[in-house]
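Take a look at the structure set out below.
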Amino acid sequence: MLNFILRRLLGMIPILLIITIIAFLFVHLTPGDPIRIMYGAEIDQETYQQMRESEGFNDPLIVQYGRYMYNMTIQGDFGQSYRTRSDVSDEVLRRFNYTFVLTILSMFWAILIGVTVGIISATKRNSLVDRVGMISTITALSIPEFWFGLMMMQVFAVQLGWFPTSGSGTWIHLILPSLTLGFGVAATIVRFTRSSVLEVLREDYVRTARAKGQKESVVIWSHVLRNALIPVVTMAGLQFGFLIGGAVVVEQVFAWPGLGSYLIDGILTRDYPVIQALILLFSLQFLIINLLVDISYGFLNPQIRYE
Amino acid sequence: MDKQKKNSPFRIFLRKFLKQKLAVFAFGLVIAIVLVGIFGPLFSPYDPHRPVTAQYPDMGIDLEQLTSLTLEIEGLLSNGETIEQQELTQIQTETDDRRIAAVRRSQSGIRVSANSSGYTDAIVESGDVSAVSKVLVRGEIPLDDAEPTISQIRINQPDASFSEGDSYQIEVSALLTDGTEITSLDNLKELAEELYGEEEEEDTSGFQSSTTNDDDAASFQINSLTEDTVSVDEDGVVSFESDGEGLVQIQAGEAKSLVQFQVGPDSIEPVLTSLVLQSTTIELNDAYKHQSPSSLHLFGTDHQNRDILSRVIHGTKETLLIGFVSVAIGTVIGTVLGLLAGYYGGWLDSLVTRMTDVLLAFPGILLAIAVIAFLGAGITNIIFAVAVFTIPVFIRIVRASTLSLKEMTYVEAAKSIGVPNTVIIFRHIFPGTLSVVMVYLTMRIGVAILIGAALSFLGLGGDITAPEWGSMLSAAKDNSGTIFHATFFPGLAIVITVLSFNIFGDGLRDALDPKLKE
């Protein structure tokens, strides 16, 4: 097991290196001169040259990359935002909490709704509930998150006035964005839970349990769910990555000051250090999530052996 | 022969597909949406780029009709007679807030025209008397908190003449803009203090728009206009001091009325004592912004008063273009790479698979955002971005299906008679992968449309004024957050389109699935 984790960690290194190179080249491959973006087009040629020199843009690329890696890994310095001149790492840390809270709560909704509906659908197969549930999920998967968010806002914030329309501050601000973000994943979890439970229901040991006169509720709770929910947990873990992607959009809808809106603002204003840092951060997140999911297979299902 | 034809794979597929009613329906919808995308612009009722108010003249719609209303007025004389509005002289009209509505005199009365949604008071004045009507312009701004104001004051006109030294108690009633009546002077005074007293509302917007003179709107005043003949105290008791004509004016808010007294024996000319408006509340529609859905605009209009239905129709083309082109690019590249990797194997295969794994580890939308970050905002770049995350999906499925087809006897046979590799790939293997490619193609179009709309919603589509569903929603979020129809319809269009493609794709998959019984 330890061996496997080590091997996976080592395997991440080349991918991370490639991603840092891509992120680094970002500034150099994209149109637009960073000095001009930082100081505007007005500065004269002499100051421009000075700036280029002092910011180190005149060094060979490999030296610049080395400095970039050194600053980042040893000093934890991701550079400064072109626009606000503030440290990107500070801003990222501050906003990370917002995105983290949002995704965690969304995952909670997604699992709560997804697993409940999934189990009901599977145990009452082909009933009206099941049919409605299945039609709802395929519809849910076709609804853009941002529109769902806008509609939630219309109904619960504008018409009913139960929640604030946007912004952050209290936990009430968190309800609508997290429900919006969670609902797409909930639909995926419903389908997955349903098929997983149906599969387990076909197993011999379920038939045996029923044959020996076990109460149906006990059969479902301790025989079926225990086994059926293992893949659901891993799948839910994998969905975390997609939650982070969806968070970018949902944050924009509800003006939630997380990493996603930072990224979009960065792209729209060509704030390359911000984009660089966030691309790295997001990539790292996915690599870690995938690793954790792989490891969790082993804990949840002892049948899997890592060779 | 006949039997063989009947059981051809295509026939079986067709039979299986037609059995799925929902999928067939979705297929019909897909066709309809594509037709709208191609021919829709020819039939769209309005130009999607211009405000509809600018297009009304060309279409023969009278804007005045939509936004204005004529109000009849008449004057009440002290001798009890009424006079028609034509005979009223010196009529002055104004509104409290000209940004909301304007009022002017017209042939048949007073014409009130709406400018933007909200509420204001229209004041009609003739000499020393005036009356007020509340103007409600329906639209973006909710009108729930519009308070009634005092519309008309009616003072009982005494018939008898008075003589010096007498005193008289004035009897007053008033009509509010919501139709309620106030029947005593004290109540009127109280209400006027409450409505107009203390804080005169400051115009905080910075545009001191109208000529409204705030001093005019005194909370409550009762005074004598002819100080020599009559005097009046604030409880409405009039004392007559010398012979002649006495006039007392009562003002509450913007409404003013007179009462005339004949003091002494000399008869006097009747004067205009009050104005009567046909109705105390005027309801209009704001036709300049955010029109609600109506027969004129089925989906309403947006913040720039553009017809949303027309914009949705025009946006179909753009949205389908993003979906089709990006998936086409992704399919072609993905299929070729998948075929090559699957057929040749070796280092090419491991390189391609590794790349696919990395790309698939990222959620589609983030991958697309990263591509946009590289290329910059714009519709073409959105297409590219969506194509990039479509590629790995096709590589994976085509590679898998190539791996199994490669082991087929007919491929081995072709190889053994020396058919070149390229011919084997495209003639013998590629057709075998087609069915699964077709299924994924339809399913991915839905996803591509979703991601494309999300990207333009995020403002990465470049032109934010373009009639594209995602950017329409983005603009609606920023400019019409409280307007339901502006955010509802473009999103509904996305949902219907994506849902149709998804259900159609599901149906195709089931029909091509050999395990599924006929």
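Brief remarks follow.
- Footprinting exposure proxy ranking of A:Ile135, B:Ile372, fewest other C-beta atoms within 10 angstrom first, gives A:Ile135, B:Ile372.
- Degrees separating the helix B:9-19 axis from the principal Cα axis of chain B, which is the longest one: 30 degrees
- Between helix B:484-512 and chain B: long-axis angle, C-alpha atoms, 0 to 90°, nearest 10: 20 degrees
- Helix runs (DSSP H) in chain A reaching 30 Å along axis by Cα, Kyte-Doolittle at least 0.5: A:2-29, A:88-123, A:172-201, A:226-254, A:272-300
- A simple count of charges around A:Ala247, restricted to other residues whose Cβ falls under 14 Å of its Cβ and scoring Lys, Arg +1 and Asp, Glu -1, yields -1.
- Label-point separation, B:Leu18 to A:Ile62 (7 Å along Cα→Cβ), nm: 6.9 nm
- One quarter of the surface of the convex hull around the alpha-carbon atoms of region A:96-300 equals 13.4 nm², the direction-averaged projected area.
- Footprinting exposure proxy for B:Arg104, B:Arg154 (fewest neighbouring C-beta atoms within 10 Å first): B:Arg104, B:Arg154
- Distance-filtered residues of region B:358-388 - backbone nitrogen under 18 Å, label point 7 angstrom along A:Leu292 Cα→Cβ: B:361-363
- Overall Cα dimensions of the protein assembly as shown, principal axis frame, Å, largest first: 133, 81, 61
- Rounded to the nearest 20, the size of the Cβ-charge dipole of chain A about its Cα centre is 1840 debye, with Lys and Arg at +1 and Asp and Glu at -1.
- The calculated FRET efficiency for the pair B:Thr482 and B:Asp266, based on their C-beta separation and a Förster distance of 41 Å, comes to about 0.05.
- Charge dipole (Cα centre; +1 on Lys/Arg Cβ, -1 on Asp/Glu Cβ; no other charges) of the protein assembly as shown amounts to roughly 11060 debye.
- Centroid-to-centroid separation of region B:377-424 and region A:5-26 [C-alpha atoms, Å]: 28 Å
- Binning the C-alpha pair distances of region B:297-336 at 5 Å intervals from 0 yields a P(r) profile of 6, 22, 16, 13, 11, 10, 8, 7, 5, 1 %, listed from the shortest bin outward.
- Top positive-direction residue, dipole computed over chain A with Cβ charges, set A:Ala277, A:Phe183, A:Leu287: A:Phe183
- The Kirkwood radius of region A:182-307, taken over pairs of alpha-carbon atoms, gives through the Stokes-Einstein law at 4 °C and 1.567 mPa s a diffusion coefficient of 74 µm² s⁻¹.
- Relative contact order for chain A, counting Cα pairs under 8 Å that sit 6 or more residues apart, in percent: 25 percent
- Cα-Cα P(r), chain B, percent of pairs per 10 Å interval: 4, 14, 17, 14, 11, 9, 9, 7, 6, 4, 2, 1, 0, 0
- Sum of side-chain charges, B:Leu473 neighbourhood, beta-carbon under 13 Å (Lys, Arg +1; Asp, Glu -1): -2
- Mean separation of Cα pairs under 8 Å and 6 or more residues apart, divided by the residue count, gives chain B a relative contact order of 17 percent.
- Cβ-defined net charge surrounding A:Asp130, 11 Å radius [Lys, Arg +1; Asp, Glu -1]: +4
- Among the listed pairs B:Lys134/B:Lys189; B:Lys21/B:Lys406; A:Lys124/B:Lys19; B:Lys256/B:Lys289; B:Lys19/B:Lys406; B:Lys16/B:Lys415, a Cα-Cα separation exceeding 27 Å is found for B:Lys21/B:Lys406; B:Lys256/B:Lys289; B:Lys19/B:Lys406; B:Lys16/B:Lys415.
- Seen against the Cα atoms of chain B and their longest principal axis, helix B:379-405 is set at about 30 degrees.
- Distance between the pseudo-spin-label points of A:Arg8 and B:Phe39 (7 Å out from Cα toward the beta carbon): 5.6 nm.
- The trypsin sites (Lys or Arg not before Pro) of region B:419-518 meeting both criteria, a DSSP state outside H, G, I, E and B (loop) and at most 14 other C-beta atoms within 10 angstrom of the site's C-beta, are B:Lys515, B:Lys517.
- Positive-pole candidate from B:His314, B:Thr67, A:Ile62, dipole of the protein assembly as shown, charges at beta carbon: A:Ile62
- Positive end of the dipole of region B:303-512 (Cβ unit charges, origin at the Cα centre): among B:Ile333, B:Ala475, B:Ile464, the Cα lying farthest that way belongs to B:Ile333.
- Each label was represented as a point 7 Å from its Cα along the Cα-to-Cβ direction; for B:Asp178 and A:Ser54 these points are 6.6 nm apart.
- By the count of other C-beta atoms within 10 Å, a proxy for reagent exposure, A:Lys124, A:Lys215, B:Lys134 are ordered fewest to most as A:Lys215, A:Lys124, B:Lys134.
Read the figures in this text as sums done on the coordinates, not as results from a lab. This is a predicted model, so every value here is computed, not measured. As a convention, Cβ positions derive from the backbone with ideal geometry for all residues, glycine included, and neighbour counts pool all protein chains shown.
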